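Quick note: the coordinates plus some simple rules give every number you see, no bench work behind them. Quick caveat, the model's predicted, so the values are computed rather than measured. Positions of Cβ are backbone-derived with ideal geometry, glycine not excepted, and every protein chain shown enters the neighbour counts.
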Amino acid sequence: MSDDIRTGRRAMARLGFVRGGGTSVLADQYVPYPFHITRPFRLYTQRPDLITLYLQSASGGLYRGDHLSLDIAMGPGAAAHITTQAATVVHRSAERPARQDTRIHVGADAFLHWVPDPLILFPDAALAASTRVTLEAGARAVVSESIACHDPEGRGRPFDQVALSLGIEASDGAVLVRERACITGTDFQDPASPLGPWRAYGALVILGPSSCMPGSEAVQAAADSTGCWTGLSPLPNGAGLGLRLLAPDGGTLAAGLEAAAGRAFAALTGLEPARRRK
């Protein structure tokens, strides 16, 4: 048995974008296994500075004891849309929870759209996932975290537990938003669950100056139209808007996130989002 299987994998990927020559460039990249990236795509002729990048996984998901980290740094004025190729499965890991940490720095007047596909919690999966966002003056970002539970055998077996943490701060270290949530799979699926009958949950934050925020009714209506049940409210300290989504399954949740994030993308960039094939 390999050391990776016994102790879990430790890997940290790094993506750094800068603006130069009228465009955005992936100037710094370190993507060890299991991370993998495509080449950057330019999907907007009217905004050649806005690039799209797919972040992929070369493995079958997250396994027990894994600790994967991702650092994304947007230089001043840079603009990027980063997405994943598919949902990520979290396998049985109750004895040694898997961990996924994402650190994001958005420079002055930069833009980042980071809405990965949901994490799918298999039976007995245990996961701790954290996202930290640092914003400089004029920074704009759309960021999400999402989970769904699924038993491939159709027996309704619960995951073990999940802990989610979201933090947003200014470049001087001032805390703007701090959220934490933790629930066991048994409580998640219990008839008295705080999530009711829903089996997928997502959170989307739209960050930036108030002058560029989308209309809250349009964002919520876009997500509701996909079959999600949503609620939207202003974030503390003028950070932006926060949307919560509940859905019957991961596919519906992914559609709701995409619809809501699309409205945010349009407001923050002035562009209708191009279709990104997966």
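Quote the relative contact order of the chain in percent (integer), defining contacts as alpha-carbon pairs under 8 Å separated by 6+ residues.
Values: 739 pairs, mean separation 35.4, N = 278.
That works out to 13 percent.
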Which value, in debye to the nearest 20, describes the size of the charge dipole of the chain about its Cα centre when Lys and Arg Cβ atoms bear +1, Asp and Glu Cβ atoms bear -1, and nothing else is charged? 540
Rg (one decimal) and Dmax (whole number) from the Cα set of region 95-156, in Å, equal 15.7, 50
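Report the antiparallel proportion of the DSSP beta bridges in the chain as a percent, rounded to a multiple of 5. Before the final figure, lay out each step's value.
Details: 43 of 99 bridges.
Here the share of antiparallel DSSP bridges comes out near 45 percent.
Checking the a/c ratio against 1.5 first, then a/b against b/c, what shape does the Cα gyration tensor give for region 85-232?
It comes out prolate by the Cα gyration axes.
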Could I get the Rg over Rh figure for region 3-196? Both from C-alpha atoms, Rh via Kirkwood, rounded to two places. 1.01
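So how do Ser210, Ser165 line up by other beta-carbon neighbours within 10 Å, fewest first? The partial results should precede the final answer.
Details: Ser210 10, Ser165 16.
Fewest-to-most ranking of Ser210, Ser165: Ser210, Ser165.
Please arrange Phe265, Phe41, Phe159, Phe188 by counting, for each residue, the other beta carbons lying within 10 Å of its beta carbon, fewest first.
Numbers: Phe265 23, Phe41 13, Phe159 28, Phe188 20.
Ranking Phe265, Phe41, Phe159, Phe188 by Cβ neighbours within 10 Å, fewest first, gives Phe41, Phe188, Phe265, Phe159.
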Just to be sure I understand: with springs between alpha-carbon atoms less than 10 Å apart, which residue in Leu176, Leu204, Leu246 has the highest mean-square fluctuation in the Gaussian network model of the chain? Leu176
